[in-house]
1. Express the accessible area of segment 5-100 per residue in Å², computed with a 1.4 Å probe while the remaining protein chains stay in the model.
2. Compute the length gained on full extension between THR99 and GLU60: take 0.36 nm times their separation in residues and subtract their Cα-Cα distance, giving the result in nm to one decimal.
3. As a test of reading the structure, rank ILE93, ILE35 by solvent-accessible area (1.4 Å probe, protein chains only), most first.
4. Tabulate in residue order the Karplus-calculated ³J(HN,Hα) for segment 42-58, using 6.51 cos²θ - 1.76 cosθ + 1.60 with θ = phi - 60°, rounded to whole Hz; enter x for Gly and Pro.
5. Could you work out the Rg to Rh ratio of the chain, with Rh taken as the Kirkwood radius (inverse of the mean 1/r over all Cα pairs)?
6. If you take the Cα atoms of segment 17-75, find Rg, then find the Kirkwood Rh from the mean of 1/r over all pairs, what is Rg/Rh?
7. Based on the Cβ-Cβ distance from LEU39 to GLU79, what FRET efficiency comes out when R0 is 25 Å, to the nearest 0.05?
8. Ignoring ligands, DNA and RNA, what percent of the accessible area of the chain is carbon or sulfur (1.4 Å)?
Amino acid sequence: MTPSDPAEVPVPLLRFLKLLVTALAVTMILGLVAIIWLLVTRLPGAPVLPALPETIQLPEGATARSFSFADDRIVVLTEDDRVLVYRADGTLIGETRITP
């Protein structure tokens with residue numbers, strides 16, 4: 001039952017609709033603010049990478065490009081394209097040079 005003339009709509013119904021639209025708008029705004037707040041507080045600004053353990057001593061002039069932990073081994077890729085394999089206690093057990 002929809003009246004064809006807007007003047008026929010009862011005033012209490014218009015007030016209810018106005019209140020409903022206002023409440024829905026406020027709810028959407030608060031929800032958007034909550035989502036933005038959660039994203040800002042929960043997402044880190046920059047990834048925190050683990051540090052190379054202090055027991056690992058790289059060869060002279062070598063700089064670690066990346067490293068990986070695997071059970072009792074630590075694998076280090078250096079800037080000069082060497083792969084160094086260490087035990088967890090820091091003992092160097094293997095070295096391989098790779099060609100790019």
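1. Numbers: 7800 Å² over 96 residues.
Accessible area per residue: 81 Å².
2. Numbers: separation 39, 0.36 × 39 = 14.04 nm, distance 1.99 nm.
Gain on stretching THR99 to GLU60: 12.0 nm.
3. Numbers: ILE93 70, ILE35 100 Å².
Output order, biggest surface exposure first: ILE35, ILE93.
4. 8, 7, x, x, 9, x, 9, 8, x, 8, 5, x, 5, 6, 8, 10, 6
5. Using only Cα positions, Rg/Rh for the chain is 1.62.
6. Details: Rg = 24.5 Å, Rh = 16.6 Å.
Rounded to two decimals, Rg/Rh equals 1.48.
7. Details: r = 35 Å, r/R0 = 1.41.
With a Förster radius of 25 Å, E is 0.10.
8. Working: 5540 of 8330 Å².
Of the solvent-accessible surface of the chain, carbon and sulfur hold 66 percent.
The values are calculated or read from the model by the stated rules, or taken from the named source; none is laboratory data. Small disclaimer: the values here were computed from a predicted structure and weren't measured. Quick reminder, even Gly has a Cβ in these numbers, built from the backbone with ideal geometry, and neighbours come from all protein chains shown. The area values use the complete protein model at the heavy-atom level, side chains included, leaving out ligands, DNA and RNA. Shrake-Rupley method; radii C 1.70, N 1.55, O 1.52, S 1.80 Å.
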